[in-house]
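The values are calculated or read from the model by the stated rules, or taken from the named source; none is laboratory data. In this text, all values refer to a predicted model and were calculated from it rather than measured experimentally. FYI the Cβ positions are ideal-geometry reconstructions off the backbone, even for glycines, and counts take in every protein chain you see.
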Amino acid sequence: MNKINSGTLEALKPGETLLVNARKVSGDKLHLEFAEVVKSANTGVNILSLLNKSDERFSSSARRAWVTAEPVDAQEYFGIDFGPSANWEATERGEMLHLNILNPAIDGTRCRIQISETTEATEWQSNNIETAAKRRGKDGDYITHEGNYIFSNTSVVMQDTDPVHTFLQPDAQTVQAEVQTEVIADDMVL
């Protein structure tokens, strides 16, 4: 069922999941990278992405999640060779195994990304507000909920149906506008 190179990030559709790659990390462990185009409950198709699909800056709106795994256990559950004989590639981020498995499953149940937004930061998020808190675009203003930063956490769950995501309602965005007034003096004739 888990077929290598059965999908790509570029062709990923909403509701589909991709097991992108595996990377060797310390402790003889793996980081498995998952990607999924997640639909929030209050949005439809993002027309901005559609109308800019040829622009690489809009190429993938997929959310990512990483799972740490023991190679022997990952091999057992995914049926993929994560051992030394696999086709590992040396990259600047370490040894990587490109997988691109569309809709990966364990024991017949799909792996899905689930999003949980919260205002309670982890220790790492507290120490890295600039990169961890939710923003309006890459360098945009921070998005808050009841005046608090929002942190968006992802996890991988086994579920055949769409996972239930937790999205916090953002505070209203205030817009400051500069008002210019021009005073015109009337000549008064008595």
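Remarks
- In the range 84-98, residue nearest to Leu32 (Cα to Cα) [restricted to those that are touching a strand residue (DSSP E or B) at 6+ places or on another chain (Cβ under 9 Å) and of a type in the set (Gly, Ala, Ser)]: Gly94
- For the range 93-106, filtered to residues that are at pLDDT 95 or above and not in a strand (DSSP E or B), the residue that is surrounded by the most Cβ atoms within 10 Å (Cβ to Cβ) is Pro104.
- Qualifying residue in the range 156-166 (condition: within 19 Å of the chain's Cα centre (by Cα), surrounded by 17 or more Cβ atoms within 10 Å (Cβ to Cβ) and closer than 23 Å to Val25 by Cα): yes
- Residue match in the range 137-152 (condition: surrounded by fewer than 16 Cβ atoms within 10 Å (Cβ to Cβ), assigned to a strand (DSSP E or B), over 18 Å from the mean Cα position of the chain (by Cα) and in contact (Cβ under 8 Å) with a residue 24 or more places away in the chain): yes
- Subset of the range 108-136 [of a type in the set (A, V, I, L, M, F, W, C), touching a strand residue (DSSP E or B) at 6+ places or on another chain (Cβ under 8 Å) and either farther than 20 Å from Glu33 by Cα or not in a strand (DSSP E or B) (or both)]: Ala121, Ile129, Ala132, Ala133
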